[in-house]
Amino acid sequence: MRAILPLLLLAGCSTTWDPHAPGTTTAPENGGEITVSHGNRLLVRLPAPAQGLEWRQREPMTMVVMAEGLPREEELRMTPIRSGKSTLRFEELPASGEGTAQRVLSYEVTVP
């Protein structure tokens, strides 16, 4: 019994699992509808842009999710900031800033 008690105490000190970490909802690759609850995060993975192009987000009039920081590669983490619906729109545009979108990804986001 004495050998089990120290093991149980050490098990409570684990840093690999956080029971309070937010859940992650991953957006579909080709756009579409998605629901993300308060307390969770939304993960958007954009396809690699073609050479000379980059993805840019078009800000909606009313935002229900907001980026948690700068994108890493083509991965963007977002968190709900209010209940409602909004459209996330990403356009693949020339890096020079001029020209028309080559591809568009759109997500209808609902935060209950």
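Some values worked out for this structure:
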| read-out | value |
| --- | --- |
| Flag for His20 being surrounded by fewer than 15 Cβ atoms within 10 Å (Cβ to Cβ) and either under 11 Å from the mean Cα position of the chain (by Cα) or without any contact (Cβ under 8 Å) to a residue 12 or more places away in the chain (or both) | yes |
| Enumeration of residues in region 67-85 that are within 15 Å of Ile34 (Cβ to Cβ) and either within 15 Å of the chain's Cα centre (by Cα) or β-branched (Val, Ile, Thr) (or both) | Leu76, Arg77, Met78, Thr79, Pro80 |
| Output for region 88-112, where each listed residue is surrounded by 13 or more Cβ atoms within 10 Å (Cβ to Cβ) and not in a strand (DSSP E or B) | Ala101, Gln102 |
| Pair list, Cβ < 8 Å and 6+ apart or interchain, from region 72-100 residues that are free of Cβ contacts under 8 Å to residues at least 12 places away in the same chain to residues that are in a strand (DSSP E or B) | Gly99/Leu93; Thr100/Leu93 |
| Region 44-64, residues that are over 18 Å from Val104 (Cβ atoms) and surrounded by 14 or more Cβ atoms within 10 Å (Cβ to Cβ) | Met63, Val64 |
| Some residue of region 73-87 being closer than 12 Å to Tyr107 by Cα, of a type in the set (Gly, Ala, Ser), out of contact with any Gly (no Cβ under 8 Å at 6 or more places or on another chain) and surrounded by 17 or more Cβ atoms within 10 Å (Cβ to Cβ) | yes |
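Just so you know, all these numbers are worked out from the coordinates, no wet-lab data involved. The structure displayed is predicted, hence computed values, not measured ones. Cβ coordinates were reconstructed from backbone atoms using ideal geometry, including for glycine residues, and neighbour counts include every protein chain displayed.
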